[in-house]
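The values are calculated or read from the model by the stated rules, or taken from the named source; none is laboratory data. Please read these numbers as outputs of a predicted model, since none were measured by experiment. Counting neighbours? That spans all protein chains shown, and the Cβs are built from the backbone with ideal geometry, glycine included. Surface accessibility is based on the protein's heavy atoms, side chains included, excluding ligands, DNA and RNA. Shrake-Rupley method; radii C 1.70, N 1.55, O 1.52, S 1.80 Å.
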Amino acid sequence: MNENQAGRVVILGTGGTIAGRATQANDNVGYVAGQVTVGDLVAMVPALATCALDVEQVAQINSKDMVLGVWQSLVRRVAAHLDRPEVAGIVITHGTDTIEETAFLLQSLLMPAKPVVLTCAMRPATALVPDGPQNLSDAVAVALHPHACGVVVVCAGRIHGAMDVSKVHPYRMDPFDSGDAGALGCVEEAQLRMFRPWPPSVSQTTHDAVRMQRLQGAAAWPRVELVFSHAGADGEVVRALLEQASARAGPLRGIVVAGTGNGTVHEDLLVALKEAQARGVHVVVASRCGQGRIVPHAGQPLPDSAGLSPVKARLALALQLLEA
Ligand code: ASP
């Protein structure tokens, strides 16, 4: 990466382990996420000094605590920077815990023609060997690549598409997997080696303006809960959700059930889910398996998530209900 490459890169900070601080350098788990500013993270990567960068702190959170308000701010800032002709791409520093959900949301809403690259770390900034600086450097290389587009996650030298990526490990430095699809490519010494096409994109003027407006105007998400099918799942959790009238959370609008195997659901849980459907609640089944997707077949008792993981299916249903 060097200053001859055209275009600016915007780096938006949202917190996470990449911005985490521990009291001891050998403590990789007892740190506090979201402490170091994104400006200081950039300063830890000498190679970035020669890049044309704009740096902005959008939030400073542990991404396990992601809320609608942070997503609204982030989507707003990403859309605004994408509209700037001089901006080649956007990098977002983010916690690993919900990065796949933020990536999914951004790709669903924006399908950007420029790259939006989320990056992160599994070791805090104060670690003996922090992984954040290399990941940030790789993310900027991706954001500057002339053919890059769409929303991707860059970590441990691999580039993952927003729709496929999941966090699959709680500790190792390369915690992401894109399942059967595989990573889109890799970054080696700031050079990209692509295995698959970039995510689909549209011109910025045709992005999903209606969804964008609905999201920005929403005081809360339509309430969509995630329920697991498992041995002994008796459906009482679904009945409790149906009975609970919580003013704070709003009425139950949807349930995503993380089904066993090929989207199968315990017969007792299925009875409760049918009761929910009868009361107007949208029910979608995803697979709780980490790999593959539900293979559709005749007579499925519930609509399936079309390959989305349970957490992404939950967001997809919430977005759909936001438009309804
Ligand atoms: N809990 C952290 C977060 O998601 C984990 C990480 O960033 O790796 O913000």
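Taking Cα centroids, how far is the stretch 30-96 from the stretch 279-324 in Å?
Going from one Cα centre to the other spans 30 Å.
Using modelled amide H (1.01 Å from N, peptide plane; none on Pro or chain starts), what sits under 5 Å from the amide H of residue 55, excluding residues fewer than 5 places away?
Amide H neighbours of residue 55: 11.
Pop out the carbon and sulfur fraction of the accessible area of the chain as a percent, whole number, probe 1.4 Å.
Numbers: 7570 of 14100 Å².
Looking at the chain in its full context, I get 54 percent from C and S.
Could you give the accessible area per residue of the chain, probe 1.4 Å, as a whole number in Å²?
On the way: 14100 Å² over 324 residues.
Ligands and nucleic acids excluded, the figure is 44 Å² per residue.
How large is the accessible surface of residue 294 in square angstrom, using a 1.4 angstrom probe and rounding to the nearest 10?
10
Would you tally the net charge around residue 153, using a Cβ to Cβ cut-off of less than 15 Å, leaving residue 153 out, and scoring K and R as +1, D and E as -1? Before the final figure, lay out each step's value.
Values: positive: 158, 167, 196, 312; negative: 97, 100, 101, 131, 138, 164, 174, 177.
Here the count lands on -4.
Going by amide H atoms built from the backbone, whose H comes under 5 Å of the H on residue 257, apart from near neighbours?
227, 284, 285, 286
Could you work out the relative contact order of the stretch 201-309? I mean the mean sequence separation of Cα pairs under 8 Å and 6+ apart, divided by the number of residues, in percent.
Values: 153 pairs, mean separation 26.3, N = 109.
Result for the stretch 201-309 is 24 percent.
Given +1 on the Cβ of Lys and Arg, -1 on the Cβ of Asp and Glu, and no further charges, what dipole in debye does the stretch 42-125 carry about its Cα centre, rounded to the nearest 20? If you can, show how the numbers build up before the last one.
Working: 6 positive and 8 negative charges, 11 e Å.
Dipole magnitude for the stretch 42-125 comes out near 60 debye.
If all Cα-Cα distances of the chain are sorted into 20 Å bins from 0 onward, what percent lands in each bin, rounded to whole numbers?
Result, from short to long distances: 32, 55, 13, 0 percent.
Taking a probe of 1.4 angstrom, what is the accessible area of residue 198 in Å², to the nearest 10?
We get 40 Å² for residue 198.
Where nothing but the Cβ of Lys and Arg (+1) and of Asp and Glu (-1) is charged, how large is the charge dipole of the chain around its Cα centre, in debye to the nearest 20?
480
Number of Lys-Lys pairs in the chain under 26 Å by Cα, sequence gap 8 or more or different chains? Can you show the working numbers first?
On the way: 64/167; 64/312; 114/167; 114/312; 167/312; 274/312.
Final tally of qualifying lysine pairs is 6.
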